[in-house]
Amino acid sequence: MSNDSTIALTDNLSAAFAEGDIYLNDNLAVKAGTRLEYSSVLGQFVIAPRISLAYRLNSSGQFNLAYGIFYQEPQNDLLYHNSGLTFSKATHYILNYTQKANNRFFRVEAYYKRYDDLVKIGQVTNNTGKGYARGAELFFRDKRSVKNLDYWITYTYLDTKRDYLYYPYELRPSFATPHTATAAIKKSFPGINSYVNISYAFATGRPYYDFLYNLPGNTTRIADQGITKPYNIVNLQIAHLTSLFSNWKEKPLSGFTIGVNNLFGTNQVFGYNYSYNGNNKLPINLPAKRYYSVGFFFNFGIDRTQDVLDNNL
């Protein structure tokens, strides 16, 4: 509804994609593709080329270099403000190295992403927004070093700012945190067909803002801002595997799991909701400090036991 009138908004998004692999030699390959999109509501065509280069080393390692352009339509509620909006654009540059051998997997990745034509909301809604994201990711998994023990470690560094929506200038978005890390351990006890999984996740605080927008001169002011407390959570899962229906010709693997999310009941804060005048704010928390789960599973055909065992990690 706009000005007490119904506005019809119909969009047909059409897309075509072509991709091919080129093997230059035994260790070097190129994957190239292009995506063509057309939005009827925007009345606009866009072409998104993408290419990646993979170089395989003799030591079970591989380098990958990728470039690509991606487009996104404005959300419908934004098109009600201005039906003349265009696609937002993201340009990606990614370099990573992976190595997989002897039940160990290692990956390190660096990336840079540039955002153009983001939607800015104000007295005039337009595509003048912009932003960037750059960072690095690390992943290591080891199933060999300790018998019946599988563990993995991840770390992510993110530096990102955007000037979009109600933001008055480039700011770190409220969903972004500079540092995140996880550690997970899965211990199996073959003698009793049981597993114990425990994981820990940490993230530095997220920014939060209270914007005063549509001020004179189509400006926006930040009335309040800050950083939330760090995020800490421990999850625990215990699983026992068995085989019911033992008289069946093909015995389906089955079992049960018991899990606890946020084992120690730490208080998580993801941001704040403000009153209409900004004088009061309430933290955004989990609906409950802990979540308990009890489940039974059966595998018919495809064995998805590992999905169940890793569910809370």
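Looking for something surrounded by fewer than 17 Cβ atoms within 10 Å (Cβ to Cβ), closer than 18 Å to His92 by Cα and over 18 Å from the mean Cα position of the chain (by Cα) - is there at least one such residue anywhere in the stretch 116-138? Yes; the residues of the stretch 116-138 include at least one that is surrounded by fewer than 17 Cβ atoms within 10 Å (Cβ to Cβ), closer than 18 Å to His92 by Cα and over 18 Å from the mean Cα position of the chain (by Cα). The single condition from (1) on the phi > 0 side of the Ramachandran plot; (2) not in a strand (DSSP E or B) that Gln123 fails is (1). Condition test on Thr156, is it in the same structural domain as Asn285 (by TED's automatic domain parsing) and buried (at least 16 other Cβ atoms within 10 Å of the Cβ)? When the stated conditions are applied, Thr156 does not pass them.
Among the residues of the stretch 174-204, which ones are out of contact with any Gly (no Cβ under 8 Å at 6 or more places or on another chain) and over 25 Å from Leu236 (Cβ atoms)? Phe175, Ala176, Pro178, listed by residue number. Taking the listed residues Glu19, Glu73, the one that is at pLDDT below 95, in contact with a Gly (Cβ under 9 Å, 6 or more places away or on another chain) and either of a type in the set (Asp, Glu) or more than 24 Å from Tyr164 (Cβ to Cβ) (or both) is Glu19, with no other qualifying. Exactly one residue among Ser174, Ser194 is surrounded by 15 or more Cβ atoms within 10 Å (Cβ to Cβ) and touching a His at 6+ places or on another chain (Cβ under 9 Å), and that residue is Ser194. The criterion of being under 30 Å from Gly278 (Cβ atoms), exposed (fewer than 14 other Cβ atoms within 10 Å of the Cβ) and either acidic (Asp, Glu) or modelled with pLDDT under 95 (or both) does not hold for Leu165.
Name, by its number, the condition in (1) of a type outside the set (S, T, N, Q); (2) modelled with pLDDT of 95 or more; (3) surrounded by fewer than 17 Cβ atoms within 10 Å (Cβ to Cβ); (4) within 25 Å of Tyr166 (Cβ to Cβ) that does not hold for Ile47. Here Ile47 meets the rest and fails (4). Against the numbered list (1) within 20 Å of Thr98 (Cβ to Cβ); (2) surrounded by 13 or more Cβ atoms within 10 Å (Cβ to Cβ), Glu37 comes up short only at (1). Among the residues of the stretch 58-87, those identified as over 19 Å from the mean Cα position of the chain (by Cα) and small (Gly, Ala, Ser) are Ser59, Ser60, Gly61, Ser83, Gly84. Take Ile22 and decide whether it is exposed (fewer than 13 other Cβ atoms within 10 Å of the Cβ), part of a strand (DSSP E or B), without any contact (Cβ under 8 Å) to a residue 24 or more places away in the chain and in contact with a Leu (Cβ under 6 Å, 6 or more places away or on another chain). Judged against the criteria, Ile22 is not a match.
Would you please name the residue that is modelled with the highest pLDDT, looking only at residues in the stretch 271-298 that are buried (at least 16 other Cβ atoms within 10 Å of the Cβ) and under 30 Å from Lys186 (Cβ atoms)? Here the residue is Leu286.
Tyr55 fulfils the conditions (1) in a loop (DSSP other than H, G, I, E, B); (2) over 24 Å from the mean Cα position of the chain (by Cα) except for a single criterion, (1).
The values are calculated or read from the model by the stated rules, or taken from the named source; none is laboratory data. These numbers come from a predicted model, not from an experiment. Glycine gets a Cβ as well: all are built from the backbone with ideal geometry, and neighbour counts include every protein chain shown.
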